[in-house]
Every structure is written in C-alpha cells, then in structure tokens.
Amino acid sequence: MTSMGKTRRLVSMGLGAAVLAASLLTPAQAAPVGNDHQTAGGHDERTPRATIWSLKGTGTDVRFRGLAAVSRTTAWVAGSKGTVLRTADAGRSWRNVSPPGAEGLEFRDVEAFDQRRAVVLAIGEGEASRVLRTSDGGATWTESFRNADPRAFYDCMTFFDSRHGLALSDPVDGAFRILATRDGGRSWRVLPSAGMPPAQQGEAGFAASGQCLVSSGPRDVWFATGGGATARVFHSADRGSTWSVTESGIPAADPARGVFALAFHGRGHGLAVGGDYRTGQPSPQAAAVSRDGGRNWRPATSPPPAYRSGVTWLPHTSVAALAVGPTGTDLTVDGGRNWHTVDTGSYDTVDCAADTGCWASGEKGRVARLEP
C-alpha cells in the first residue's frame, strides 16, 4: 500500500470511529425494549439507547470474562468450565475450540494474534493457574506454563506483540509476581522481583475481565490493584523489569473494591475503572483518568453510575472509550472526564480491534458485537 493510501485508510478509520462514538449518544428510538435490556435511568440526562450491542448466540451458558477482538469478523472468548470459543463470521456461528480435559479450569483471559494463534490464562491458586497456547485455531493446544508455587495466583496477561508478553500474579513474599514470555507464549519465566515496589497488606489484582494488566507500544505496561488501603496503578517502561506505582483515587480499603480494568491510548492517556463488585453496593468515583502515562490520576467528573469491570478505547480516537459491567455500558467522548450510560445489558469485558470491530462478553454465554 502506498503512503498516500495508508494515510487515507487511517483517516477513514478515524472518521469511522468518530461517527461510531457520536451515534452511540443519539437519543433512543421510540421502540419497545426487549427482555434483555431495560430502559436505563442513569446519571446521564439523555435517554440511553435500549441497546448498542447485537447479541450473538454462543449456545452455552458459561461466563466469558476473557475476550480478544481480532477484527469485525473474528473474535475469541474464554471462560468458565475450560471453555474457549472462536468466531470468524462476525458471530453468526461459533466454534468450540476448548482444550481437551480443561473442564475444571477457569479461563479469565485470552490474547489472540489472529484467527489461528491465541494464548489463554487459567486462574487459581497453585496449579490451577496455567497458560495454554494454540497455533492452529484451537484444533490443538499446548500447556506452556503450570504454576508450581501454591502462594501464587495469576490474574491476567498482556502481549506487546506476537512474541513478548507478561502475566500478573498476586503478591508472593510481599511483592507482585510477573511472568514473562519472549516466544509467543511457548515458554515462560518468572522475572526477578527486585524492581517491584512492595505490596500493601491485602492488595491484589482482580481477575474480572483480563484487563488488570495492559500494555501499549513495545515496552510500556501497567497493572491495577485493589483490596489494600488504596487502589493503585503500577507502571513499567522496560517490559516488566522495573516498576513505579501511584494511587488511582478510586476507593479501595476492602477486598471487593479497587481498580478492575485499565486502558491506555499510546504511552500517555490512561483510563481506570472499577468500584465495588458486590451486587447492590455503591461505587462512587468508579473511574479515573491519567494524561501522563499513569504517574498521576484524576477522578472522572461524571463517572459511570456503578461498578465497571472492563474498559477499552474506540480505535483511532483519543477521546472515545467504552466501559462495561454487570449493570450496563458507558461511553465517554471527552477522554474519560464524563461517562454516559448507553446500554443496560450485563457484560464483564470489552475489546476493540484496529478495524473498529468492538466486542463484549459476560455471563450466561453472552457475547455481542457493537452495531450502532
């Protein structure tokens, strides 16, 4: 593709993302609301649309907290009972590509590079935490890591590219543990903890959406915490060798509260969402924004009205993003300062591909694609 052709394509994508964001804030049409969604009575003075998501039947009732959006047509989901599904036709059909014998595993994260290559993370204490990979679309799987330390509990993972990736464990001996791969997940090693600041008492990551550890660019990575006295965000600029840490401003001081998900646009502009995951508990100040790579965080002026477990930037824009949780989906069009409820369906995680294909997944086998 010529340089001019690439420029036109990027401009087109950017305009598409802007139109998409604007369309999500249009008032709801006077149409009946289905059983799956209720008219939202959130903090936004505009009436939320009944739904921005198009549900795609998966034929299962498992909970999908792991999601990887490859494109508008291709996505992977991973969840309970060792289940992994893949679609290559925009969700019209799903192929069950679950690893054989994995029924007892709890998959909470999946990172996919294309239609054939993916890595999944199973969580839990000791040997329940495992990493498996496939290079043939899920026809076969190889277990590349099994945690042998009963003190470790892995929560989430991220990849900088198709070779380099990290996984995050809750603290061991007073410090968060980082697992690293340099060969696309074929092998893993625990990184030295000398460059990791000490953890607070009770501090941990949340394995709620596969987004407690995120990366942007070739070397920058962040992870989020809760459960301790304060909810914090850790940052590394050298692929996990050394770390700095700062407070997020999102309330914690309880095992159920803190930052559950992060998203970064480039090295600078970060979003954090979370709250209290317990049903019916209030989640004030459930979102924060950073403009300096996570060194400082400011609370959202108008945060989501309830706990949110997943967040993602809309592609090719630095102002529009989506956050999801059990009680709804919220949209920001001003870089995270103000959030507006645009859907009231239940989702745990959300992800967008470079071609503006956005997907969400959650409980009861729910997977959906954004179709405004």
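Within region 207-230, if we keep just the residues that are of a type in the set (Val, Ile, Thr) and assigned to a strand (DSSP E or B), the residue that is nearest to Gly275 (Cα to Cα) turns out to be Val214. Residues in region 187-229 that are in contact with a strand residue (DSSP E or B) (Cβ under 7 Å, 6 or more places away or on another chain) and surrounded by fewer than 19 Cβ atoms within 10 Å (Cβ to Cβ): Ser187, Arg189, Val190, Leu191, Ser193, Pro197, Pro198.
Among the numbered conditions (1) without any contact (Cβ under 8 Å) to a residue 24 or more places away in the chain; (2) in contact with a strand residue (DSSP E or B) (Cβ under 8 Å, 6 or more places away or on another chain), the only one that Gly280 does not meet is (2). All of Gly280, Gly270, Gly240, Gly293 fail the test of being assigned to a loop (DSSP other than H, G, I, E, B) and within 23 Å of Asp334 (Cβ to Cβ), apart from Gly293. Taking the stated definitions as given, is Leu132 closer than 30 Å to Asp173 by Cβ and part of a loop (DSSP other than H, G, I, E, B)? Taking the combined requirement at face value, the residue does not satisfy it. Residues that are crowded, with 22+ Cβ neighbours inside 10 Å and charged (D, E, K, R) within region 83-99 comprise just one, Arg86.
Quick one: is Asp292 under 26 Å from Glu247 (Cβ atoms) and either in contact with a strand residue (DSSP E or B) (Cβ under 7 Å, 6 or more places away or on another chain) or at pLDDT 95 or above (or both)? So Asp292 fits the description; yes.
The sole residue among Met4, Met13 that is surrounded by 13 or more Cβ atoms within 10 Å (Cβ to Cβ), at pLDDT below 95 and outside any loop (DSSP other than H, G, I, E, B) is Met13.
Note on region 311-328: among residues that are in contact with a Leu (Cβ under 8 Å, 6 or more places away or on another chain) and not aromatic (Phe, Trp, Tyr), the one that is farthest from Ala368 (Cα to Cα) is His316.
Among the numbered conditions (1) crowded, with 18+ Cβ neighbours inside 10 Å; (2) at pLDDT 95 or above, the only one that Val319 does not meet is (1). Screening Ser346 with (1) assigned to a loop (DSSP other than H, G, I, E, B); (2) more than 30 Å from Thr83 (Cα to Cα) gives one miss only, at (2). Scanning region 233-286 for residues that are of a type in the set (Phe, Trp, Tyr) and either surrounded by fewer than 20 Cβ atoms within 10 Å (Cβ to Cβ) or modelled with pLDDT under 95 (or both) returns no hits. Out of the residues in region 43-82 that are at pLDDT 95 or above, buried (at least 24 other Cβ atoms within 10 Å of the Cβ) and not aliphatic (A, V, I, L, M), which is nearest to Gly138 (Cα to Cα)? This residue is Trp76.
Filtering region 209-244 to residues that are under 19 Å from the mean Cα position of the chain (by Cα) and over 26 Å from Val120 (Cβ atoms) leaves Ala231, Arg232. Filtered by the rule that a residue be buried (at least 17 other Cβ atoms within 10 Å of the Cβ) and more than 21 Å from the chain's Cα centre (by Cα), region 149-170 gives a lone residue, Ala152. Annotation note: of Ala321, Ala300, the sole residue that is over 19 Å from Ser215 (Cβ atoms), hydrophobic (A, V, I, L, M, F, W, C) and touching a residue at least 12 places away in the same chain (Cβ under 8 Å) is Ala300. Scanning region 324-338 for residues that are within 19 Å of Val214 (Cβ to Cβ) and assigned to a loop (DSSP other than H, G, I, E, B) returns Gly335, Gly336.
The values are calculated or read from the model by the stated rules, or taken from the named source; none is laboratory data. Everything quoted here is computed from the prediction, not taken from an experiment. Note: ideal-geometry Cβ built from the backbone for every residue, glycine included; neighbour counts use all protein chains shown.
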